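The values are calculated or read from the model by the stated rules, or taken from the named source; none is laboratory data. Quantities reported herein were computed from a predicted structural model and do not represent experimental measurements. In this analysis, Cβ positions are derived from the backbone assuming ideal geometry, glycine residues included, and neighbour counts consider all displayed protein chains. These accessible areas exclude ligands, DNA and RNA; they are computed on the full protein's heavy atoms, side chains included. Shrake-Rupley method; radii C 1.70, N 1.55, O 1.52, S 1.80 Å.
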Amino acid sequence: MNEEIDQAPIIFTGHLDTVFLEGTAAKNPFRIDEDGMMHGPGIDDMKSGIVIGLYTLLALKMIGYQERPIKFIMVTDEENLHMFSKAKDKIRQEAQGGLYALNFESGYLDDAIVVSRKGGGIVDIEVTGVAAHSGHDPEKGRSAILELAHKIIAIEALNDIPRGKLLNCGKIIGGTGDNVVSDKATVSVGIRYDSMTMRQEILDDLKTIIARATIPDTETSLFLRILIDPLEHTPAVQMLFDYLAKTAQEIGYGDVYAKYVGGASDSGLLVSMGIPLCAQWEAREATLIPWMKWGVWDL
């Protein structure tokens, strides 16, 4: 077998942070109750996944697994989409050359395996107008809030839920008082997309909207705060899932199911790297194993 493929590592990924505010653990500390149930912030997303990944490594060590390297990449700022670090670059750097990846995000009670996730991002749109006193000189003002209102209507009209194209104007800031025509107004737009192609479509749509001014003498700027790549359902991802489903049947576990979810994840970073699929197959212990360069899904 090709030596480069033979040495390609299996990639485990996960994150150590959770969505709760600082101080939550003091109010709701980790504990196990009398029924054996765990409580505390982050035990589902995703402390449980980290524990499963680590015990998987321990189990493989105990059985003497030495077929290929396994690299576990854990980050500490996935929930804020790595806005204040270079973690995305580090993940890509460390995962380069992997055979396939398993992301230990939260599981589902229906034994579903996530094979596709939306990408997501935050886009800030800022309108600059002309301030004026709304009583003395209203005609001199150019309302940034009114211009932003027109743009919000246009942005929300872009939503195409059946296609998976989502834009949410979730936070608005603007104005200084009811007697002042506002000269600044900003909206933060949460965007979601199923593919890199759809992401570009959304960004092009937003650029078109900000280029048009309904209120004269207003200007609009667009700032990309953060973008996360989607976990696209590629042929390599499907091959990996098919092998998992076949293995689950062989060991008597039963059926597992493919699932598509809307939440973004670091797993999308790996699929978007574009490393090509290796078409080589090898028979091992009467089982066909797909030797793919990349296949990623969430457990």
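Quick one: which of R225, R192, R163, R199 is among the basic types (K, R) and out of contact with any strand residue (DSSP E or B) (no Cβ under 6 Å at 6 or more places or on another chain)?
Working: R225 fails: out of contact with any strand residue (DSSP E or B) (no Cβ under 6 Å at 6 or more places or on another chain); R192 fails: out of contact with any strand residue (DSSP E or B) (no Cβ under 6 Å at 6 or more places or on another chain); R199 fails: out of contact with any strand residue (DSSP E or B) (no Cβ under 6 Å at 6 or more places or on another chain).
From the options R225, R192, R163, R199, the qualifying one is R163.
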Return yes or no: is G40 closer than 30 Å to L227 by Cβ and among the small types (G, A, S)?
-> no
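Restricting to the stretch 7-17, give me the number of residues that are open to solvent by 40 Å² or more (accessible area, probe 1.4 Å) and either basic (K, R) or modelled with pLDDT under 90 (or both).
Number of matching residues: 1.
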Among the residues of the stretch 252-273 satisfying the criterion of being surrounded by fewer than 21 Cβ atoms within 10 Å (Cβ to Cβ) and among the hydrophobic types (A, V, I, L, M, F, W, C), which is farthest from the chain's Cα centre (by Cα)?
-> V256
Considering the stretch 117-139, residues that are free of Cβ contacts under 8 Å to residues at least 60 places away in the same chain and in a strand (DSSP E or B), and then whichever is farthest from G263 (Cα to Cα), we arrive at H133
Near pairs, Cβ below 7 angstrom, 6+ apart or cross-chain, from the stretch 75-93 (assigned to a loop (DSSP other than H, G, I, E, B)) to any residue that is open to solvent by 60 Å² or more (accessible area, probe 1.4 Å) = T76/L16; D77/F84; E79/V19; M83/R225
Give me the pairs: first residue in the stretch 231-254 and over 30 Å from R199 (Cα atoms), second residue in a helix (DSSP H, G or I) and open to solvent by less than 40 Å² (accessible area, probe 1.4 Å), beta-carbon distance under 7 Å, and six or more apart or on different chains, which are they?
-> G254/A248
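This table checks each residue for (1) at pLDDT 90 or above; (2) part of a loop (DSSP other than H, G, I, E, B).
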residue: P29; (1), (2): yes, yes
residue: K47; (1), (2): no, no
residue: I52; (1), (2): no, no
residue: L58; (1), (2): yes, no
residue: R68; (1), (2): no, yes
residue: G97; (1), (2): no, yes
Can you tell me which residue in the stretch 173-194 is farthest from the chain's Cα centre (by Cα), limited to those that are free of Cβ contacts under 8 Å to residues at least 60 places away in the same chain and surrounded by 17 or more Cβ atoms within 10 Å (Cβ to Cβ)?
-> V181
When you scan the stretch 140-172, how many residues do you find that are within 19 Å of the chain's Cα centre (by Cα) and either assigned to a helix (DSSP H, G or I) or surrounded by 19 or more Cβ atoms within 10 Å (Cβ to Cβ) (or both)?
-> 5
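Every residue, every condition in (1) closer than 17 Å to G175 by Cα; (2) of a type in the set (K, R); (3) surrounded by fewer than 17 Cβ atoms within 10 Å (Cβ to Cβ), yes or no:
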position: L57; (1), (2), (3): no, no, yes
position: K90; (1), (2), (3): no, yes, yes
position: K118; (1), (2), (3): no, yes, no
position: V123; (1), (2), (3): no, no, no
Scan the stretch 243-251 and give yes if some residue there is in a loop (DSSP other than H, G, I, E, B), open to solvent by 60 Å² or more (accessible area, probe 1.4 Å) and charged (D, E, K, R), otherwise no.
-> no
Restricting attention to the stretch 173-199, the residues that are closer than 24 Å to E147 by Cβ and part of a loop (DSSP other than H, G, I, E, B) number exactly 7
